[in-house]
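Each remark here refers to the structure printed beneath this line.
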Amino acid sequence: MTRRIIDLETPDRFATGAIGESGERTFFLQAVQGPHVATVQLEQEQVSVLADRVLAIIDEVERRGLAAIDAGPAGLPDERPLEQPLYEEFQVGTMIIAWDEDVDRLVVEARSMTFDAGVGESAPRETDEIDEDDIPDDAPIGPDVLRVHLTPLMAQQFARRANSVVAGGQPTCPYCGRILQPVGHFCQRRFDDLVN
């Protein structure tokens, strides 16, 4: 089977969603660019960590003055359901998040959990050390990849929605997107706004 690299440089939408009952939900990431819809499955914890890291990187980018988030009309939250039908490209194993300062975009890369060696290729053995970061896109073997390039605003919107989806409808903080607990929580973003 040929390795798939899905690279969406100007997505119209990047969102997460879940199906199923609380405690037994299946989580998805979905990227849409024009007619192309790419959906991958991942774990709830992966969604939560991705959202936290995305917010942390965007906060740091803003703090350093590398990019600003324009919360104009496009700043409205995306509460639409994921595009149907949900066709899962692959199950996510690892993710990479990086800031591309050349184009002021946050790059989110989700890689498949497993990969095939293909016809005539020998599959990596359990004992083989393979660093997925060293596998170039044009390599015939390697994990499938969904790579999405997000504006700071899209990244922030994604993270807030992701935190809400993980919360399963529980109220979230309007500043950082984390779940509001009955005893409250420390919001670093709100604290930074008050101090500055």
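The values are calculated or read from the model by the stated rules, or taken from the named source; none is laboratory data. Just so it is clear, the model here is predicted, and its values are computed rather than measured. Methodologically, a virtual Cβ is constructed for each residue, glycine included, from the backbone with ideal geometry; neighbour enumeration extends over all protein chains shown. Note: areas computed on protein heavy atoms with side chains; ligands, DNA, RNA excluded. Shrake-Rupley method; radii C 1.70, N 1.55, O 1.52, S 1.80 Å.
General remarks:
- Among residues of the range 134-168 being assigned to a loop (DSSP other than H, G, I, E, B) and modelled with pLDDT of 90 or more, the one that is most open to solvent (accessible area, probe 1.4 Å) is THR151.
- Checking GLU89, GLU43 one by one, the residue that is open to solvent by 60 Å² or more (accessible area, probe 1.4 Å) and acidic (Asp, Glu) is GLU43 and no other.
- Of all residues in the range 46-78 being surrounded by 11 or more Cβ atoms within 10 Å (Cβ to Cβ) and outside any helix (DSSP H, G or I), the one that is modelled with the lowest pLDDT: ALA71
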